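Novice: Have a look at this one.
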């Protein structure tokens, strides 16, 4: 069985070690990729530490892979050796359910095969991008322009699409006010995308030290969340929470305009609470008065 | 000062009594209405019992008023004596904010003047529909056809619009599956509207005895909520919660299709909880497995 040099964690409490891990056989539809860069995502930490669900160990995290095609199966049509490619958070889906058929494979009803800490439908474990190579079905490989800096492009495979998708879905553009909550790996991309889409963009957080970064990324203002929930009532069209911290959901809802959207892309491990009155503009006011 | 015969509650623990209560003076823009019918809404109970916020007592509840115009001010243009009219949950708004200007006065930024248990902008208390008459600015009076049964039409002023509005907003129609949670004053209207709009309509509840009513209103099936959250995963396009009970929010989210909507029109007095994973289809599956 082929193997590849990998960075491995043996258990939820282990440190990383280097070693050889199994690589999928090159099937007729698969693409072998030499991994040049792999992003580090907060969800890698959650999974390596078993904070979300029971993981499969040994684990090789990494789901923001950027590399070059080194071999292709006989039936591969979309890729050739030497192509610049990316692999994101999943490497297979059922291809038959309504969501797969409409190109929204991330909502596959059978459940996606996650790029690591998951199992292929044949039962084999998946190992991710903290490695020198990966073999993936061509349908789950993305073409990447060689004009992009490959190190900068890698995080687009998860952090990027995670922010781009809700901004696109909620039709962010000129005349809208967007708040990005948290200015980390996800947040800074959200700010850049939102600014590029023409929206008046703000960062919500709790670290005044990050204000300069926010401005540099194009944000109009860095706001301390706990201080502005009253002064910025009915203010934002879209708030995207990129943090996995416990939230004051009611305070965020209060800052939304009528018909606005609060999007959670950060995933706290614990339950969140909200008061139903916060969903009913003005009534909440009466209640508090 | 003019008065009108009313049904009054003196405190959150009082029984109702009958008496005379003040009536607004007939101004140039106001319409005097003889109330024929007034619906009884669960929110009347919440307010009469101070379950939402501190009420103004003595209180005359009632915000689903149906009646006939008995007098109009000199400047009134839309109504004449003898017209059949309705008054709903509010009797004034600022008329200047963005929401008032776009005809969504219910979201008035200054805060609506509630039909009862509220204050006019001049400070005067408002008294509602459990009375023989009311005087209201013509802009907050609605025209009602005399072809409608007035007793049946009264609850349309709150319960009706409360269900019609979200069904319309989420574009309910043929090919969609709608669940109405709870089959009371709100719920039965929701079922009828949803069926009339062409959606496959279900009732979610916990009382098998209500199954016959659900069918009679046109529902396809009456489902016991706690029994179907797994069998009906990814099933509904829209779920409207009409109850003010504490909810298993995660169970309801699990039943929604991708992009579906859970609408809360019932208002529990206490905080509700959800797990952020429930907003991320499939991941929640992984987590539970």
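The values are calculated or read from the model by the stated rules, or taken from the named source; none is laboratory data. Everything numeric in this text was worked out from a predicted model, so none of it was measured. Here Cβ is always computed from backbone atoms with ideal geometry, including for glycine, and neighbour counts include all displayed protein chains.
Novice: Out of the stretch A:234-248, which residues are in contact with a helix residue (DSSP H, G or I) (Cβ under 8 Å, 6 or more places away or on another chain), in contact (Cβ under 8 Å) with a residue 24 or more places away in the chain and either at positive phi or surrounded by fewer than 20 Cβ atoms within 10 Å (Cβ to Cβ) (or both)?
Specialist: Once the filter is applied, which keeps residues that are in contact with a helix residue (DSSP H, G or I) (Cβ under 8 Å, 6 or more places away or on another chain), in contact (Cβ under 8 Å) with a residue 24 or more places away in the chain and either at positive phi or surrounded by fewer than 20 Cβ atoms within 10 Å (Cβ to Cβ) (or both), the stretch A:234-248 yields A:234, A:235.
Novice: Do we have any residue at all in the stretch B:157-172 that's touching a strand residue (DSSP E or B) at 6+ places or on another chain (Cβ under 9 Å), in a strand (DSSP E or B), within 14 Å of chain A (Cβ to nearest Cβ) and surrounded by fewer than 22 Cβ atoms within 10 Å (Cβ to Cβ)?
Specialist: No, the stretch B:157-172 contains no residue that is touching a strand residue (DSSP E or B) at 6+ places or on another chain (Cβ under 9 Å), in a strand (DSSP E or B), within 14 Å of chain A (Cβ to nearest Cβ) and surrounded by fewer than 22 Cβ atoms within 10 Å (Cβ to Cβ).
Novice: Among the residues of the stretch B:241-289, write down those that are in a loop (DSSP other than H, G, I, E, B) and either modelled with pLDDT of 95 or more or under 21 Å from residue B:178 (Cα atoms) (or both).
Specialist: Restricting attention to the stretch B:241-289, the residues satisfying the condition of being in a loop (DSSP other than H, G, I, E, B) are B:242-248, B:265-271, B:275, B:280-282, B:289.
Selection gives B:242, B:243, B:244, B:245, B:246, B:247, B:248, B:265, B:266, B:267, B:280, B:281.
Novice: Taking the stated definitions as given, is residue A:106 in contact with a helix residue (DSSP H, G or I) (Cβ under 9 Å, 6 or more places away or on another chain) and assigned to a helix (DSSP H, G or I)?
Specialist: Details: in contact with a helix residue (DSSP H, G or I) (Cβ under 9 Å, 6 or more places away or on another chain): yes; assigned to a helix (DSSP H, G or I): yes.
Here the answer is yes, as residue A:106 does meet what is asked.
Novice: Take the residues in the stretch A:15-60 that are in a loop (DSSP other than H, G, I, E, B) and touching a strand residue (DSSP E or B) at 6+ places or on another chain (Cβ under 6 Å), then tell me which one is farthest from residue A:125 (Cα to Cα). Give the derivation first.
Specialist: Filtering the stretch A:15-60 down to residues in a loop (DSSP other than H, G, I, E, B) leaves A:15, A:23-29, A:39-41, A:49-58, A:60.
Within this subset, residues satisfying the condition of being touching a strand residue (DSSP E or B) at 6+ places or on another chain (Cβ under 6 Å) are A:23-24, A:26, A:29, A:56, A:58, A:60.
On the way: A:23: 10, A:24: 10, A:26: 16, A:29: 19, A:56: 8, A:58: 10, A:60: 10 Å.
Per the criteria, the residue is A:29.
Novice: Looking at B:191, B:178, B:135, can you tell me which residue is under 20 Å from residue B:225 (Cβ atoms) and in contact (Cβ under 8 Å) with a residue 60 or more places away in the chain?
Specialist: On the way: B:191 fails: in contact (Cβ under 8 Å) with a residue 60 or more places away in the chain; B:135 fails: under 20 Å from residue B:225 (Cβ atoms).
Being under 20 Å from residue B:225 (Cβ atoms) and in contact (Cβ under 8 Å) with a residue 60 or more places away in the chain holds for just one of B:191, B:178, B:135, which is B:178.
Novice: Of the conditions (1) surrounded by fewer than 20 Cβ atoms within 10 Å (Cβ to Cβ); (2) modelled with pLDDT under 95; (3) more than 8 Å from chain A (Cβ to nearest Cβ); (4) closer than 22 Å to residue B:165 by Cβ, residue B:231 fails just one. Which one is it?
Specialist: (4)
Novice: Testing residue B:250 on (1) within 28 Å of residue A:108 (Cβ to Cβ); (2) more than 9 Å from every other protein chain (Cβ to nearest Cβ), one condition comes back false. Which one is that?
Specialist: Against the list (1) within 28 Å of residue A:108 (Cβ to Cβ); (2) more than 9 Å from every other protein chain (Cβ to nearest Cβ), residue B:250 comes up short only on (2).
Novice: Here is a follow-up. Tell me yes or no: at least one residue of the stretch B:220-228 is touching a strand residue (DSSP E or B) at 6+ places or on another chain (Cβ under 6 Å) and either within 14 Å of chain A (Cβ to nearest Cβ) or assigned to a helix (DSSP H, G or I) (or both).
Specialist: Start the filter on the stretch B:220-228 by keeping residues that are touching a strand residue (DSSP E or B) at 6+ places or on another chain (Cβ under 6 Å), which leaves B:220-223, B:225.
Still in the list and also either within 14 Å of chain A (Cβ to nearest Cβ) or assigned to a helix (DSSP H, G or I) (or both): B:225.
Checking the stretch B:220-228: at least one residue is touching a strand residue (DSSP E or B) at 6+ places or on another chain (Cβ under 6 Å) and either within 14 Å of chain A (Cβ to nearest Cβ) or assigned to a helix (DSSP H, G or I) (or both).
Novice: Residue A:67 - would you say it is on the phi > 0 side of the Ramachandran plot, buried (at least 22 other Cβ atoms within 10 Å of the Cβ) and touching a residue at least 24 places away in the same chain (Cβ under 8 Å)?
Specialist: Numbers: on the phi > 0 side of the Ramachandran plot: no; buried (at least 22 other Cβ atoms within 10 Å of the Cβ): yes; touching a residue at least 24 places away in the same chain (Cβ under 8 Å): yes.
Spelling it out, it is not the case that residue A:67 is on the phi > 0 side of the Ramachandran plot, buried (at least 22 other Cβ atoms within 10 Å of the Cβ) and touching a residue at least 24 places away in the same chain (Cβ under 8 Å).
Novice: Could you count how many residues in the stretch B:253-282 are under 15 Å from residue A:272 (Cβ atoms), more than 9 Å from chain A (Cβ to nearest Cβ) and over 25 Å from the mean Cα position of the chain (by Cα)?
Specialist: Qualifying residue count, the stretch B:253-282: 1.
Novice: Now for a different question. Would you check which residues across the stretch B:116-125 are in a loop (DSSP other than H, G, I, E, B), more than 13 Å from chain A (Cβ to nearest Cβ) and touching a residue at least 12 places away in the same chain (Cβ under 8 Å) and list them?
Specialist: Scanning the stretch B:116-125 gives B:120, B:121, B:124.
Novice: Out of the residues in the stretch A:138-147 that are in contact (Cβ under 8 Å) with a residue 60 or more places away in the chain and assigned to a loop (DSSP other than H, G, I, E, B), state the one that is farthest from the other protein chains (Cβ to nearest Cβ).
Specialist: A:146
Novice: A follow-up question, please. Somewhere in the stretch A:129-136, is a residue surrounded by fewer than 21 Cβ atoms within 10 Å (Cβ to Cβ), in a loop (DSSP other than H, G, I, E, B) and assigned by TED's automatic domain parsing to the domain that holds residue A:75?
Specialist: Yes: the stretch A:129-136 contains one or more residues that are surrounded by fewer than 21 Cβ atoms within 10 Å (Cβ to Cβ), in a loop (DSSP other than H, G, I, E, B) and assigned by TED's automatic domain parsing to the domain that holds residue A:75.
Conditions tested, residue by residue: (1) closer than 19 Å to residue A:186 by Cα; (2) without any contact (Cβ under 8 Å) to a residue 40 or more places away in the chain; (3) under 18 Å from the mean Cα position of the chain (by Cα).
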| site | (1), (2), (3) |
| --- | --- |
| A:58 | no, no, no |
| A:63 | yes, no, yes |
| A:71 | no, no, no |
| A:82 | no, yes, no |
| A:86 | yes, no, yes |
| A:104 | no, yes, yes |
| A:112 | no, yes, yes |
